[in-house]
Amino acid sequence: MDLPEYALEVSGLVKTYPAGKSTPPKTALKGVDLKIPRGSMFGLLGPNGAGKSTLINILAGLTRKSEGKACIWGRDIDERPRDARAALGVVPQELAADVFFTPKEALEVQAGLYGVPKGERRTLELLEALGLADKANAYVRQLSGGMKRRLMVAKALVHNPPVLILDEPTAGVDVELRRQLWAYVRKLNAEGVTILLTTHYLEEAQELCDTIAIVNRGEVVACEPTGQLLKRLDTRSVVVTPEEPLKAAPELKGFEARLRNGGAFSVTYRTGHSSVEQVLAAVRAAGLHIKDIATEDPDLEDVFMSLTYGDPNAQDPTRD
Ligand SMILES: Nc1ncnc2c1ncn2[C@@H]1O[C@H](COP(=O)(O)OP(=O)(O)OP(=O)(O)O)[C@@H](O)[C@H]1O
Ligand SMILES: [Mg+2]
């Protein structure tokens with residue numbers, strides 16, 4: 001069988017939610033094009049209300065698109081909806097708990113819905129993989145929020161889909177379990193599963209994803225390999241710890257300093273325009289004695305902020 005080049009492909013995707021009684025219509029996606037290569041670990045990032053869940057819900061068949069085209073595993077969602085959905089596992093952002101089931105039953109029911117024959121079910125393996133084996137026979141309503149979230153991941157995997165979409169899978173999941181969850185997702189990816197994830201933990205996205213798209217107000221504002229995205233900002237910062245801890249940021253000629261914890265301060269400069277030398281010269285010229293310095297490269301958060309909130313025409317992107 002020919003494998004598709006792209007696990008997910010959307011073009012010209014538009015979604016306008018109709019007006020409510022007291023709310024105007026809302027265009028949540030304004031013609032989105034995205035191609036997610038087979039095998040990639042792809043991060044879809046953006047501020048609250050950017051349109052991430054809308055895009056995911058359209059792929060999952062939970063929301064109808066207004067315009068455009070979407071393919072899952074090479075299968076058009078309009079022309080071959082069943083085949084398209086069969087290739088996809090989705091963990092939606094909203095927690096939906098099957099309160100009358102145990103995790104084991106919930107997975108069996110889900111496998112039944114997808115027509116997975118009894119002999120091919122992986123119920124116990126999935127419970128084990130997601131750290132829920134000891135809760136297999138507990139009522140779902142007795143699980144903690146993080147456990148419910150992991151059960152939803154297990155549910156999304158019962159039919160062994162080649163594409164897995166995780167919408168905020170780590171919201172409310174504690175640090176240790178988050179690590180475990182990501183380790184499992186990484187393992188799935190290494191085995192060939194294409195992953196699309198959204199998260200507001202940008203450090204995690206930076207660490208995990210090979211490619212990142214940033215959406216803002218229904219538009220894709222960046223989509224490139226993570227390393228390339230990080231190089232977009234030509235800024236660096238020098239963190240200076242002076243001999244005498246400072247109580248306020250010092251006045252430096254040609255640079256702006258910001259106070260940090262413990263009486264240190266940072267200076268951000270543009271690499272094309274200035275150098276560490278010049279920053280340090282300005283610090284000395286201000287009469288400060290340097291005890292220690294460190295330099296910092298911009299991280300995903302800096303790039304994210306400059307591409308979303310940094311837009312001078314944008315007011316508050318979370319408001320409409
Ligand atoms: N069912 C709906 N009816 C009307 N408007 C909606 C509906 N669902 C979402 N919206 C609006 O569409 C826009 C995009 O919402 P969406 O949930 O896709 O954002 P998101 O990027 O997933 O945000 P978050 O990071 O908060 O999860 C928002 O302005 C939201 O208010
Ligand atoms: Mg969302």
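The values are calculated or read from the model by the stated rules, or taken from the named source; none is laboratory data. Model, not experiment: these values are computed from the prediction. Note: ideal-geometry Cβ built from the backbone for every residue, glycine included; neighbour counts use all protein chains shown.
Keeping to the range 117-159, report how many residues are within 25 Å of Asn189 (Cβ to Cβ) and surrounded by 15 or more Cβ atoms within 10 Å (Cβ to Cβ).
Count: 23.
How many residues are in contact with a strand residue (DSSP E or B) (Cβ under 7 Å, 6 or more places away or on another chain) and over 27 Å from Arg232 (Cβ atoms) when one looks only at the range 265-290?
Total meeting the criteria: 5.
Can we say Leu197 is away from ligand 2 (no atom under 16 Å from the Cβ) and modelled with pLDDT of 90 or more?
Here the answer is no, as Leu197 does not meet what is asked.
Quick one: which residue in Lys65, Lys21, Lys104 is at negative phi, in a loop (DSSP other than H, G, I, E, B) and buried (at least 17 other Cβ atoms within 10 Å of the Cβ)?
Lys65
Go through the range 158-176 and give me each residue that's more than 16 Å from ligand 1 (Cβ to nearest atom) and either charged (D, E, K, R) or under 21 Å from Lys104 (Cα atoms) (or both).
Answer for the range 158-176, where residues must be more than 16 Å from ligand 1 (Cβ to nearest atom) and either charged (D, E, K, R) or under 21 Å from Lys104 (Cα atoms) (or both): Val158, His159, Asn160, Pro161, Leu164, Asp174, Glu176.
Can you go through Val220, Val240 and tell me which one is closer than 28 Å to Ser306 by Cβ, outside any loop (DSSP other than H, G, I, E, B) and in the same structural domain as Tyr269 (by TED's automatic domain parsing)?
Checking each option against the conditions leaves just Val240.
Give me the pairs: first residue in the range 1-20 and more than 23 Å from Thr211 (Cβ to Cβ) and more than 16 Å from ligand 2 (Cβ to nearest atom), second residue in a loop (DSSP other than H, G, I, E, B) and of a type in the set (Asp, Glu), beta-carbon distance under 9 Å, and six or more apart or on different chains, which are they?
The qualifying pairs do not exist here.
Quick check, is Glu277 in a helix (DSSP H, G or I) and without any contact (Cβ under 8 Å) to a residue 60 or more places away in the chain?
yes
Which one is nearest to the chain's Cα centre (by Cα) among residues in the range 41-59 that are of a type in the set (Val, Ile, Thr) and more than 7 Å from ligand 1 (Cβ to nearest atom)?
Ile56
Is it the case that the range 92-108 has a residue that's in contact (Cβ under 8 Å) with a residue 40 or more places away in the chain, touching a strand residue (DSSP E or B) at 6+ places or on another chain (Cβ under 7 Å) and within 16 Å of ligand 2 (Cβ to nearest atom)?
Within the range 92-108, one or more residues are in contact (Cβ under 8 Å) with a residue 40 or more places away in the chain, touching a strand residue (DSSP E or B) at 6+ places or on another chain (Cβ under 7 Å) and within 16 Å of ligand 2 (Cβ to nearest atom).
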